[in-house]
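Trainee: Sharing a structure below in structure tokens format, with a few things to ask.
The values are calculated or read from the model by the stated rules, or taken from the named source; none is laboratory data. Because the structure is predicted, anything quoted here is derived from the model rather than measured. Glycine gets a Cβ as well: all are built from the backbone with ideal geometry, and neighbour counts include every protein chain shown. For accessibility, only protein heavy atoms count, side chains too; no ligands or nucleic acids. Shrake-Rupley method; radii C 1.70, N 1.55, O 1.52, S 1.80 Å.
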Amino acid sequence: MKMTIIGCGSIGKTLARFLETMDEVELVHVFDTKQKAVEELMTECQKVRYANNLEDAFEKSDLIIETASQSAVHEYIPKALEMGKNVLVMSVGAFVEDDFKEKCRILAKQKGCKVYIPSGAVCGIEGICAAAIAEIEEVIIMSYKPPEAFRNVKYLKNKGIDLDSIKRPKVIFNGHAKDAVKYFPKNVNVAATLSLAGIGIERTVVKIIIDPKATLNTHRIIAKGKFGEIECWTRNMPFPENPRTSYLAALSLISAVKKIAGSFWVGV
Ligand SMILES: NC(=O)c1ccc[n+]([C@@H]2O[C@H](COP(=O)([O-])OP(=O)(O)OC[C@H]3O[C@@H](n4cnc5c(N)ncnc54)[C@H](O)[C@@H]3O)[C@@H](O)[C@H]2O)c1
């Protein structure tokens, strides 16, 4: 298989390094607005090429993988779908806009291709998908992160919250996923994925807690419905160079690529 990765940051680089080890993967085009990041990656990854011409890279690829930003999803994913390419998207927050999600769904259907969304930084997504087939009454996600994960977040500045003065766990957001994704676009992809899997952004409740003593990014999901109850905790190691991102998010993407490229699929 040939692939294109958009975004050469923590997740994109981790994926590219793993693709080096996969027999099924022949060539990896990588695009980033910071070309230098890709050039550095090329010094250690033989299969990686810088995607000078993204349309050409898409044309030559079997799978387009976004690991960049919500704006990159808007900019490139519809184009890839129009070209009939399967896409894997990490910046899931982009799909909380119903119109955009619908546009991508219709394009994928018309062109006979797929939009894949990995479970990301939480476990339990496949259980919520299954539970949603019957009826789910409520879904709550509580995310506990260290202050560093919220450095320069505008919402906190507007609320007058000073990260350095937080000495004990503090709830900084308690509301619906629709608003959480808007105010914390770089932090709440898990809330977006959970909403898409379960009862939607209008009904999924999100609580974000800053814990000054936290060293891990922790997510607790509770769901109740006809199926019974789900409660699961995920305690994630952050990437050293990017505390907003959990290592598990990159691993879930690698796992998704292995499922798509391989021939044995556990946990469909
Ligand atoms: N689904 C999940 O559970 C989950 C978990 C963690 C992160 N994420 C999301 O995945 C994405 C990547 O995360 P990361 O930690 O690797 O981020 P990162 O900041 O380390 O890297 C992102 C890279 O993408 C590049 N980029 C951004 N916008 C671009 C554009 N329009 N065109 C080309 N390049 C662009 C940046 O230059 C940067 O090098 C982020 O949007 C993040 O919010 C999702």
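Trainee: Please give the calculated 222 nm ellipticity per residue for the chain, where each DSSP H segment of at least 4 residues contributes -39500 (n - 2.57) and the sum is spread over every residue; nearest 500 deg cm²/dmol?
Mentor: One gets -10000 deg cm²/dmol as the mean residue ellipticity at 222 nm.
Trainee: Treat segment 125-236 as a sphere of radius equal to its Kirkwood radius over Cα pairs and apply Stokes-Einstein at 4 °C in a medium of 1.567 mPa s; give the translational diffusion coefficient in µm²/s, rounded to a whole number.
Mentor: 90 µm²/s
Trainee: Just read off the accessible area of SER71 with the full protein assembly in place, 1.4 Å probe, to the nearest 10 Å².
Mentor: Result for SER71: roughly 80 Å² accessible.
Trainee: Within segment 21-104, which GluC sites (Glu not before Pro) sit in a loop by DSSP and count at most 14 neighbouring Cβ atoms inside 10 Å?
Mentor: For GluC sites (Glu not before Pro) across segment 21-104 that sit outside H, G, I, E and B with at most 14 neighbouring Cβ atoms in 10 Å, the list reads GLU24, GLU26, GLU44.
Trainee: Further question on the same structure: Under a 1.4 angstrom probe, counting protein chains only, how are VAL87, VAL171, VAL205 ranked by accessible area, largest first?
Mentor: Working: VAL87 0, VAL171 85, VAL205 35 Å².
The ordering from most to least exposed comes out as VAL171, VAL205, VAL87.
Trainee: Would you please give the FRET efficiency between ASP164 and LYS213, computed as 1/(1 + (r/R0)^6) with r the Cβ-Cβ distance and R0 = 22 Å, to the nearest 0.05?
Mentor: It comes out at approximately 0.95.
Trainee: Mind listing the phi-derived Karplus ³J(HN,Hα) values for segment 129-142, rounded to whole Hz, using 6.51, -1.76 and 1.60 with θ = phi - 60°, and x for any glycine or proline?
Mentor: These are the phi-based 3J(HN,Hα) values: 4, 5, 4, 5, 5, 8, 9, 9, 7, 8, 9, 10, 10, 10 Hz.
Trainee: Using a 1.4 Å probe and counting only protein heavy atoms, arrange TYR155, TYR247, TYR144 so the residue with the most accessible area comes first. Working shown, then result.
Mentor: Details: TYR155 35, TYR247 110, TYR144 60 Å².
Order by accessible area, largest first: TYR247, TYR144, TYR155.
Trainee: To continue, here is another question. Over segment 147-266, with every protein chain in place, what whole percent of the accessible area is carbon and sulfur at 1.4 Å, could you tell me? Before the final figure, lay out the partial values.
Mentor: Values: 3320 of 6490 Å².
Answer for segment 147-266 is 51 percent, counting heavy atoms of protein chains only.
Trainee: I need the helices of the chain that pass two filters: whole DSSP H segments spanning 15 Å or more by Cα along the axis, and mean Kyte-Doolittle score no lower than 1.0.
Mentor: Answer set is 247-261.
Trainee: Right, another one. With labels modelled as points extended 7 Å from the Cα through the Cβ direction, what inter-label distance (nm, one decimal) is found for ASP99 paired with ASN53?
Mentor: Calculated label separation equals 3.3 nm.
Trainee: Counting only heavy atoms of protein chains, what accessible area per residue, in Å², does segment 125-236 have with a probe of 1.4 Å?
Mentor: On the way: 5740 Å² over 112 residues.
Result: 51 Å² per residue.
Trainee: Report the Stokes-Einstein translational diffusion coefficient (µm² s⁻¹, integer) for the chain, Rh taken as the Kirkwood radius over Cα pairs, at 25 °C with viscosity 0.890 mPa s.
Mentor: Values: Rh = 19.2 Å.
Diffusion coefficient, whole number: 128 µm²/s.
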